[in-house]
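The values are calculated or read from the model by the stated rules, or taken from the named source; none is laboratory data. Every value quoted in this text rests on a predicted model; they were computed, and no experiment measured them. Cβ: placed from backbone, ideal geometry, glycine included. Neighbour counts: every protein chain shown.
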Amino acid sequence: MSSTFEFLSNVLAGELDTYVITFALVTTMIVLLFLSFPMVVPLAAGALLGLVHFSDIDTGVIIQQMVTGISPNALIAVPMFILAADIMTRGHTAHNLLGLIEAFVGHLRGGLPITACISCTLFGSVSGSTQATVVSVGQIMRPKLLQAGYKDSFVMALIINASDIAFLIPPSIGLILYGTLANTSVGELFIAGIGPGILLAILFSVYCYVYSVYQGDSIALVGKTSNKDKLLAIKKALLPLGFPALIVGGIYSGAVTPTEAASFSVLYAIIVECFIYRELKYKDIVDAALSTGLITAVVFILVGMGQAFSWYISFEQIPQELLAPLNLEGASQEYILFVIALSFFVGCMFVDSLVVLVILTPIFVPIVAAVGLDPVLVGVMITLQMAIGSATPPFGCDIFTAIAIFNKPYLEVISGTLPFILILFVMSALLIFFPGISLLLRDLAFPQ
């Protein structure tokens, strides 16, 4: 008891000890989170508490670090991709992509859930947003799957987890932010995310087939699409498929940078939805721009404040002290990847994935460099953990998106997620022991 009082007195006195500072920062942030403050407030409070109570550094450094955090040119791509995704989400893109996949595999055993899975992957390559994918694909596919006899728990879990493939398939905001924080090529990260994204879609599709076979006659099969309708579906999907071709092909060929590809994607989305499909009007573009401004402001404030908080804990060398018992500097690359994956997975279960990315990435970057790990592989691994955390209880953001969209209670939404989470864990293990899954395409596109 006396040691506890001594520890708390050290906290109040501002004694400079790693565990004292960590306890004070973590306690402050948890209390503010439970009081329902937005995440930027606990971050700011943690940084201010450290600067005012545990050091004599001018608090103006917070503003300096916030500006530093949002200054990299690569971040210009973030609002561009968000705007392009918003425009296409409001238009016909999702319907046309779904129509293409359903025309070819919808009639097969497990065809409808496989359609949903592949559609989430393709739409993720258009939107780059997991939540936009949940909304767009979920609203279309969920009624069809329920009508065919699939359990709602399976349907919601499938849509939530398949949508998270958008974290890996370019354009991915997570990969852009990691590239900025770790000073790593965003173009290389985009190409490296394609292999794991496709493999994850295949693993989910295999599970959908096995699940459908296990359910047997309770699942109704849809009719086979005629060759004429298949050709029509291909024709309708050509323009939406041009979006990922523009991004991946442009970066792969070296014709454009990721930032330039983001700008072209906005122009492409406007041309397709406003002038070819004629689905959107001027007001829709204005609404999309306003929505993009709001989302971008939230993301950039989090990035800036996360940079300030990360700078402070790095200044106090808190991460180095806390990670010292793990002996990471002398460990194998597989062990370090496991520690990184576990840290990001646990963090993303409780806090917004972008916040975890901003806080933890600067901690592990020096360790990654010291042991010679490929930062591109680490970026893909981190992004995969962000995907898992976004669909994992208790606080995965895609879970709450599904609750709002499908109007279902929390426990019902998460009841079918376990098999998909296990598949995601398997994917993480494969990436640790077989890094070529991620790096093969990167090495082909960007020979060293």
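If Ile21 satisfies all but one of (1) crowded, with 22+ Cβ neighbours inside 10 Å; (2) modelled with pLDDT under 80; (3) out of contact with any helix residue (DSSP H, G or I) (no Cβ under 6 Å at 6 or more places or on another chain), what's the number of the condition it fails?
Condition not satisfied by Ile21: (2).
Being of a type in the set (A, V, I, L, M), out of contact with any helix residue (DSSP H, G or I) (no Cβ under 9 Å at 6 or more places or on another chain) and under 25 Å from Ser185 (Cβ atoms) narrows it down to one residue among Ala261, Ala245, Ala255; which is it?
Ala245
How many residues, within the stretch 132-164, are surrounded by 24 or more Cβ atoms within 10 Å (Cβ to Cβ) and within 18 Å of Ala84 (Cα to Cα)?
5
Which residue pairs have Cβ atoms under 8 Å apart, sit 6 or more places apart or on different chains, and have a first residue in the stretch 71-83 that is under 7 Å from Thr259 (Cβ atoms) and a second that is surrounded by fewer than 20 Cβ atoms within 10 Å (Cβ to Cβ) and modelled with pLDDT under 85?
Asn73/Thr259; Ala74/Thr259; Ile76/Thr259; Ala77/Thr259
Residue by residue through the stretch 427-448, note down the ones that are closer than 15 Å to Leu168 by Cβ and assigned to a helix (DSSP H, G or I).
Of everything in the stretch 427-448, those that are closer than 15 Å to Leu168 by Cβ and assigned to a helix (DSSP H, G or I) turn out to be Met427, Ser428, Leu430, Leu431, Ile437, Ser438, Leu439, Leu440, Leu441, Arg442.
Only one of these is part of a helix (DSSP H, G or I), more than 22 Å from the chain's Cα centre (by Cα) and either touching a residue at least 12 places away in the same chain (Cβ under 8 Å) or under 18 Å from Thr296 (Cα atoms) (or both): Leu112, Leu158, Leu146, Leu122. Name it.
It is Leu112.
Let me confirm something: among Lys228, Lys224, which residue is among the basic types (Lys, Arg), surrounded by 12 or more Cβ atoms within 10 Å (Cβ to Cβ) and either modelled with pLDDT under 85 or part of a helix (DSSP H, G or I) (or both)?
Lys224
Of all residues in the stretch 277-293, which are more than 20 Å from Leu75 (Cβ to Cβ) and touching a helix residue (DSSP H, G or I) at 6+ places or on another chain (Cβ under 9 Å)?
Tyr277, Glu279, Leu280, Lys281, Tyr282, Asp284, Ile285, Asp287
Go through the stretch 382-426 and report how many residues are in a loop (DSSP other than H, G, I, E, B) and either in contact with a Pro (Cβ under 6 Å, 6 or more places away or on another chain) or over 15 Å from Gly347 (Cβ atoms) (or both).
Qualifying residue count for the region: 6.
Please work out which residue is modelled with the highest pLDDT, limiting yourself to the stretch 49-96 and to residues that are part of a helix (DSSP H, G or I), farther than 24 Å from Thr184 by Cα and polar (S, T, N, Q).
Once the filter is applied, the top-ranked residue is Asn96.
Those residues that are at pLDDT 80 or above, surrounded by fewer than 20 Cβ atoms within 10 Å (Cβ to Cβ) and under 22 Å from Val40 (Cβ atoms), I need them from the stretch 363-412; list them, please.
Residue satisfying the conditions is Ile363 alone.
Of the numbered conditions (1) in a helix (DSSP H, G or I); (2) without any contact (Cβ under 8 Å) to a residue 40 or more places away in the chain; (3) touching a helix residue (DSSP H, G or I) at 6+ places or on another chain (Cβ under 8 Å), Ser205 fails exactly one; give the number of that condition.
Single failed check for Ser205: (2).
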